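Taking it in order: structure first as structure tokens, then the write-up.
Any read-out appearing in this document is the output of simple, stated calculations on the displayed coordinates, not a laboratory observation. Not measured: the values here are computed from a predicted model. Cβ placement follows ideal geometry from the backbone for every residue including glycine, while neighbour counts extend to all protein chains displayed.
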Amino acid sequence: MKRSKKKETGFARFSRRLLIVSFAAFVLGIVALNSYESSLNISCQELEKEITVIQADIDGLTMQKQELASFTRLRAVASKKGYDYKQSTVTTAVRGVQRD
């Protein structure tokens, strides 16, 4: 019961090594791509958070702009400066009041 030792050819050894190296490179490539995808997802989520914060700031500033440009605010500022509004049927006229 002696085993016969077959000598492996050079091509078979090369093929086996190439297969092992290819498999290792494939596994490492998958791990590297998953890691890269995770880091991209994290940075994307951070950017989305920044966008929502900035969008909230923009909405707040838009509301503040609308409040400052409202007719009642303009009327109050004009009254404080000595002007009064006389509303006609077609347009609104502003008449200045002279200060003594």
TODO: With label points built 7 Å along Cα→Cβ from the Cα atoms of R73 and A12, find their separation and express it in nm.
DONE: 8.8 nm
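How big is the charge dipole of region 10-96 about its Cα centre, in debye rounded to the nearest 20, if each Lys and Arg gets +1 on its Cβ and each Asp and Glu gets -1 on its Cβ? Before the final figure, lay out the partial values.
Working: 11 positive and 8 negative charges, 52 e Å.
Around 240 debye, computed over region 10-96.
Only four residue types carry charge here, +1 at the Cβ of Lys and Arg and -1 at the Cβ of Asp and Glu. Report the dipole size of region 1-50 about the Cα centre in Debye, rounded to the nearest 20. Display every interim value, and only then the final one.
Working: 9 positive and 5 negative charges, 265 e Å.
Here region 1-50 has a charge dipole of around 1280 debye.
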